[in-house]
Amino acid sequence: MSLYAAFRSIGAYVPEKILTNADLEQMVDTSDEWITKRTGIKERRLAADDESTSDMAAKASQIAMDRAGLTHEDIDLVVCATVTPDYFNMPSTATVISDKLNIRNVQAFDISAACSGFVYALSVARAFVESGMKKNVLIIGAEKFSSIVDWTDRGTCILFGDGAGAAVISATEDKSEAIIDIHASADGAYTDMLITPAPGSVHPMNQANLDAGLQYVQMKGNETFKLAVKTLTKDVKEILEKNNIDAADIPHFIPHQANYRIIKAVGDALGMREDQTVLTIHKYGNTSAASIPMAINDLYEAGGLKHGELMLLDTFGGGLTWASAVLPFAGKNA
Ligand code: ACO
């Protein structure tokens, strides 16, 4: 009997504090009109000062575990995708989350793939489950992106927000529930396109590097934008063709929420209708690895995601990394 990996449940946590475009107008030389027109973002959420990435992740995870009908004792692997971990560089955020959820004595580790992290984690969970090594994998995308943003840089600070999403990937023998395909790729030639230079072995934590602001995210926005549209369009076309799926037959296109114009350009190139495309960019901004699971959760809680319905995920981020996935939702209806 073959083993397959099923996307069993979804959960998310959204911090309370809202930062609007009007608030940003008071902080940097920008306008609600510019941000709305160029990105589609109206507001984003910010974690509280004493709220960490693992705090948000643990809340999202508990919801995902409850919806899967599982307890902490059933989870046998925890994978957290984040570029804003609780600690640079140890312990991993996944181990801190495990402790908060009372998940003991199981493998736990982080994945660093920026905005592509959740789909990367999905591919890892799938491999562990299909090989028979694990039965119930908790995957998480969580970011306190506000902790690495330079709030004086209008080119980046308007884009990002905080939040967390989580899912349980479980073993099944029912092929109709199986994740159909995942593409995950990277090209390190574009390292400097999106980077937080410090702290790390290249630029260790010291006063000179801090004074130079190397701890903040730096982005070549316009180049990243063009590469994202080109790469995602090609990647998604390939995964659909390879699996003989027509874009028109996908009920839920759930792209990474980085910029409405990227989503629209890729969606148009694929022939996606508006009613197929899930959008949260206006209210959460870009939450990096948390963006896709937060969007899936929004759809689920609105009653729009039913058992067996197909999801098409696509994402693009620092590295550069990119990924796409086609899978049915194998959880209970909301
Ligand atoms: N308010 C007002 N004006 C601004 C702002 C702002 N917040 N930011 C930039 N500008 C100005 C620039 O200074 C520039 O002015 P100039 O023409 O006088 O020089 C002008 O607006 C145009 O700047 P561009 O950078 O060319 O604007 P663009 O249309 O490319 O939009 C943006 C910028 C929104 C950042 C866009 O490039 C983008 O979304 N890029 C992709 C981001 C992304 O997808 N990242 C990947 C995922 S993130 C991750 O992995 C962590």
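The values are calculated or read from the model by the stated rules, or taken from the named source; none is laboratory data. Please read all numbers here as calculations on a predicted model, not as lab measurements. Neighbour counts are summed over all protein chains in view; Cβ atoms, including those assigned to glycine, are modelled from backbone coordinates with ideal geometry.
Kindly evaluate residue 296 against the criterion of being of a type in the set (Val, Ile, Thr) and farther than 16 Å from residue 184 by Cα.
Answer is yes for this residue.
For the range 56-64, does any single residue satisfy the condition of being touching a residue at least 24 places away in the same chain (Cβ under 8 Å), in contact with a Gly (Cβ under 6 Å, 6 or more places away or on another chain) and within 16 Å of the ligand (Cβ to nearest atom)?
Looking for residues that are touching a residue at least 24 places away in the same chain (Cβ under 8 Å), in contact with a Gly (Cβ under 6 Å, 6 or more places away or on another chain) and within 16 Å of the ligand (Cβ to nearest atom), one finds none in the range 56-64, hence no.
Quick one: would you say residue 140 is among the β-branched types (Val, Ile, Thr), outside any helix (DSSP H, G or I) and closer than 27 Å to residue 156 by Cα?
Answer is yes for this residue.
Results for (1) within 11 Å of the ligand (Cβ to nearest atom); (2) modelled with pLDDT of 95 or more; (3) hydroxyl-bearing (Ser, Thr, Tyr); (4) not in a loop (DSSP other than H, G, I, E, B), shown as yes or no for each residue.
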residue: 258; (1), (2), (3), (4): yes, yes, no, no
residue: 263; (1), (2), (3), (4): yes, yes, no, yes
residue: 279; (1), (2), (3), (4): no, yes, no, no
residue: 282; (1), (2), (3), (4): no, yes, no, yes
residue: 292; (1), (2), (3), (4): no, yes, no, yes
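Here's a check for you: in the range 6-44, which residue that is among the basic types (Lys, Arg) and within 16 Å of the ligand (Cβ to nearest atom) is nearest to residue 178 (Cα to Cα)?
44
Residue by residue through the range 47-72, note down the ones that are in contact with a Pro (Cβ under 8 Å, 6 or more places away or on another chain) and surrounded by 22 or more Cβ atoms within 10 Å (Cβ to Cβ).
47, 53, 56, 60
Across the range 102-122, what is the total count of residues that are out of contact with any Leu (no Cβ under 7 Å at 6 or more places or on another chain) and surrounded by 19 or more Cβ atoms within 10 Å (Cβ to Cβ)?
12
Would you check which residues across the range 207-237 are within 15 Å of residue 313 (Cβ to Cβ), touching a residue at least 60 places away in the same chain (Cβ under 8 Å) and not polar (S, T, N, Q) and list them?
Of everything in the range 207-237, those that are within 15 Å of residue 313 (Cβ to Cβ), touching a residue at least 60 places away in the same chain (Cβ under 8 Å) and not polar (S, T, N, Q) turn out to be 228, 232, 235, 236.
Looking at residue 208, is it outside any loop (DSSP other than H, G, I, E, B), within 23 Å of the chain's Cα centre (by Cα) and at pLDDT 95 or above?
Against the criterion (outside any loop (DSSP other than H, G, I, E, B), within 23 Å of the chain's Cα centre (by Cα) and at pLDDT 95 or above), residue 208 does not qualify.
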